[in-house]
Structure formats: structure tokens, C-alpha cells
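> Before we start, here is the structure in question, set down as C-alpha cells.
The values are calculated or read from the model by the stated rules, or taken from the named source; none is laboratory data. Predicted, not measured: the structure shown is a model, and the values here were computed from it. Glycine gets a Cβ as well: all are built from the backbone with ideal geometry, and neighbour counts include every protein chain shown. Note: accessible area is taken over every heavy atom of the protein model, side chains too, but ligands, DNA and RNA are not part of it. Shrake-Rupley method; radii C 1.70, N 1.55, O 1.52, S 1.80 Å.
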Amino acid sequence: MYDVIVIGAGPGGMTAALYASRADLSVLVLEKGIYGGQLQNTADVENYPGVGLVTGPELAEKIYKDSTAFGAEHAYGSVTKVEDHGTHKTVHTEDEQYDAKVVIIATGSDHRHLGVPGEEEFSGRGVSYCAVCDGPFFRNKHVAVIGGGDSAVEEGSYLTQVADKVSVIHRRDELRAQKVLQDRAFKNEKMTFVWNHVVEEIQGDDIKVNNLRIKDTQTGEVSDYPVDGVFIYVGLDPITEPFKSLGVTNEEGWIPTNEKMETSVPGVYAIGDVRETVLRQITTAVGDGSIAGQEAFKYIESLAD
Ligand code: NAP
């Protein structure tokens, strides 16, 4: 029986592990991929105070080291279900099951898919959701980025380091991204903006993407837009399927909490991007993680009373 199981080793989950283990609790962090979560797909981080400009993987490595400093264990595990037995919970993975007094859900979110013809077919053959991973394949090429949020604009700017031209295709005529990112993108000579257009279909030959069929949202006109690749950044979906049976998710799948990161189930906390929240940042995930780690300690103390 662990005191705490943290599900997900993003910056929030690793911070929760740091706080809980530093409070002398036994902690297991389960992760189905590599530690760091979305940090591993982030080129540059410039809004995490204290470390200056750092790459996502570098910051992930630093937080991982800190998360293990007080004895928290990390293990591979793809969680399928969590059962609540009152004073303890059972966490099921594909191969194992673990018991803990507290579960902290830190599974984050996944990039949403567009859901247009050609998207699945050309996934990995010109369709990507990760500029850091796949950008180098598009050296001196023309790529499109779909979306108008922070991810589209920031990752689009990153892609100009390798691609010759980056076209941001957005369904409205103004961006949702933070102003600082917009200002930088508008000044970038390699970036162009295709306003008021949506992608209807992603097309290609036997090998890879070569064209987008795009529709003008004002006139309804559909046209060809030749590109060598397309990066899709149209928002995030929560990774909460394994927790639906616990009854902690809202209609859209996010997990509401109070300011102590408590969900509707005592002893189950949620932190970071998976939470119903107004801001999804590394800093907010880390803040959530520290609160949950501390609250886990108090909750376990209360069980002993
Ligand atoms: P987001 O903020 O939800 O933006 C999604 C964008 O995709 C919006 O511009 C939206 O258009 C567009 N969109 C949604 N569905 C679409 C569809 N079916 N077809 C075409 N366009 C569609 O998502 P995000 O940019 O991935 O950001 C997610 C969160 O992470 C945000 O909280 C963001 O602030 C944060 N983030 C922060 C940073 C940073 O601080 N440096 C970097 C990356 C992400 P509309 O604008 O018309 O709705």
C-alpha cells in the first residue's frame, strides 16, 4: 500500500510527487510514456521563472530529478481504471494493480484531432501534432499550421527555424494566442496567415501530404492550398477515460476540483491540464501539484484520527 499514487509524470504530477515524498509519504508515479508530458513536445519554454530560456525536454529532466530527490518512485504504467474503496483506492494498469490511500490524477491532455478526411491516413506522413518531433523533416519546405491559439502560433514560429514558409490557417480573422506570441509571429517574415479558412480535406500522393482543400468561411469557396506538411493545433482533449467510472469528470471530460485540488471523491485529487481551469501552463500545473502533495499529507493524517 502506497500513501500516494500520482498518475502522470508531467510537471504537475512530478511536483506533487516531490511535495508528498518530502512530507515523508511513500509515493509511486505511474507514467505510460516518458516523464515530462507535453514538455517533451515543447521547443522552448520562456515563461517558467527561475531557469531562463530552456527547452521543454531540459526542463522535464530537471523536474524529474527533483521529483525523485525525496524517495518518490517512478514506474511504467498505463492506467485503465481507479476503484474507490473509501480509505484506500486501487489503481489498475494494463498489467498490474496498486493500492494507495491517495490518488492524484495528473494525466494532462492530448492534442485534439481535426476530424477531416486524410487526417488519419496521412498521420506520420505529413500530418503531425508535434513540431518539435517532426519539424526537422520539413527543412526548406512549406508547412501549414492549423489553429489560432498559443500552440499554433508558438509552434508555428518554431517551425520557421527549419521550414521555408509557415502558413497559419485560422478559422477566424483574429488569433486567440497571447499578444506577445502574436506580435512575434506577425514580425516573422517566414510566417503568413490565411484568415477565415478551415481545412476540409488533407490530400497527398502514395507517400505524403501535398495539398489541403480549404474553405473560405465567409464565401464558402473551396480551393487548393499546396503544402508539404500540416501541423494541427486546434485545442486539447482531457485524458480522463480511466476515471469516468469514478464519476469525477464533467460533461466535456475535464475534472472539476476545489482550490485544494480535491475532486468529488475524498482522497482523489486532480491537477494540471486535466483540471477544469482557466489557465493551462507549466507554472499552474506545478502550483496545483504542490497543493495536492500537501493536501495528500493532511488527508492521510486525518485518516489516522
Ligand atoms: P486553444 O487555446 O484551445 O486554441 C485552439 C485553436 O484552434 C483556437 O484558435 C480555435 O479557434 C482553433 N480551433 C478549434 N477547433 C477548430 C477546428 N475544428 N477547426 C479549426 N480551428 C479550430 O488550444 P492550444 O493553442 O493548444 O492551447 C491550449 C492551452 O495551452 C491554452 O490554455 C494555452 O494558453 C496553453 N498554452 C500556453 C502556451 C504558452 O503559454 N506559451 C503555449 C501553448 C499552449 P477559435 O480561436 O476560433 O476558437
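> Whose amide H sits under 5 Å from the amide H of VAL194, counting only residues 5 or more places off or on another chain, with H placed in the peptide plane?
VAL168, ILE169, HIS170
> Which whole-Hz couplings ³J(HN,Hα) result when phi for each residue of the stretch 52-58 is put into the Karplus expression 6.51 cos²θ - 1.76 cosθ + 1.60, θ = phi - 60°, listed in order with x for Gly and Pro?
Values, residue by residue: x, 6, 9, 7, x, x, 5 Hz.
> In the stretch 217-305, if every C-alpha pair distance is counted and binned at 5 Å from zero, what percent goes to each bin?
In order of increasing distance, the bins hold 2, 12, 18, 16, 15, 8, 7, 7, 5, 5, 2, 1, 1, 0 percent.
> Between LYS141 and residues 5 or more places away or on another chain, which pairs have amide H atoms under 5 Å apart, with H built 1.01 Å from N, and which residues are they?
ASP164, LYS165
> Also: Out of the total accessible area of the stretch 197-305 (probe 1.4 Å, heavy atoms of protein only), what percent is carbon and sulfur?
Here it works out to 47 percent.
> Mind listing the Cα extents of the chain along all three principal axes, in Å, largest one first?
Result, largest extent first: 68, 39, 33 Å.
> Around VAL45, which amide H atoms from residues at least 5 apart in sequence, or from another chain, sit under 5 Å from its own amide H, with H modelled in the peptide plane?
Those qualifying (amide H under 5 Å, at least 5 residues apart or on another chain) are VAL54, THR55, GLY56.
> Determine the per residue accessible area of the stretch 127-232 with all protein chains present and a 1.4 angstrom probe, expressed in square angstrom. Write out the running numbers ahead of the final one.
Values: 5260 Å² over 106 residues.
Here the per-residue accessible area is 50 Å².
> Follow-up question, since we're still on this one. Taking just the alpha carbons, could you work out the radius of gyration and Dmax for the stretch 119-216, both in angstroms?
Here Rg and the maximum Cα pair distance are 12.8, 40 Å.
> Let me know the charge dipole size of the chain about its Cα centre in debye, to the nearest 20, where only the beta-carbon of Lys, Arg (+1) and Asp, Glu (-1) is charged.
In debye, rounded to 20, the chain gives about 640.
> Just in the stretch 1-105: which chymotrypsin sites (Phe, Trp or Tyr not before Pro) are loop by DSSP and have at most 13 other Cβ atoms within 10 Å?
none
> Using θ = phi - 60° and the Karplus relation 6.51 cos²θ - 1.76 cosθ + 1.60, list the HN-Hα couplings for the stretch 285-290 in order, rounded to whole Hz, with x at every Gly or Pro.
Once rounded to whole Hz, the list reads 4, 5, x, 4, x, 5.
> Separate question: Carbon and sulfur together cover what percent of the accessible area of the stretch 1-88 at a 1.4 Å probe radius?
C and S fraction of accessible area: 49 percent.
> To the nearest 10 Å², what's TRP195's accessible area with a 1.4 Å probe?
About 80 Å², rounded to the nearest 10.
> ³J(HN,Hα) across the stretch 247-252 via Karplus (A = 6.51, B = -1.76, C = 1.60, θ = phi - 60°), whole Hz, x for Gly/Pro?
x, 9, 9, 8, 4, 8
> Which whole number in µm²/s is D for the stretch 26-171 by Stokes-Einstein, with the Kirkwood Rh taken over Cα pairs at 37 °C and 0.692 mPa s?
182
> Which trypsin sites (Lys or Arg not before Pro) in the stretch 195-234 pass both tests, a DSSP loop state and at most 14 other beta-carbon atoms within 10 Å?
Loop-located and lightly packed - LYS208.
> Net charge around GLY124, counting only other residues with Cβ within less than 13 Å of its Cβ (Lys, Arg = +1; Asp, Glu = -1)?
Taking every Cβ under 13 Å from that of GLY124, the sum is -2.
> Treat every Asp and Glu Cβ in the stretch 230-305 as -1 and every Lys and Arg Cβ as +1, leave all other atoms uncharged, and give the resulting dipole magnitude about the Cα centre to the nearest 20 debye.
Taking the Cα centre of the stretch 230-305 as origin, the dipole is about 120 debye.
> Rounded to whole Å, give me the distance from the Cα center of the stretch 89-123 to that of the stretch 183-244.
Each part's Cα centre sits 25 Å from the other's.
> What does the helix-only formula give at 222 nm for the chain: each DSSP H stretch with n ≥ 4 adding -39500 (n - 2.57), the total divided by the residues, and the result rounded to the nearest 500 deg cm²/dmol? Spell out each step's value before the answer.
Numbers: 6 runs with 71 residues, N = 305.
That calculation yields -7000 deg cm²/dmol at 222 nm.
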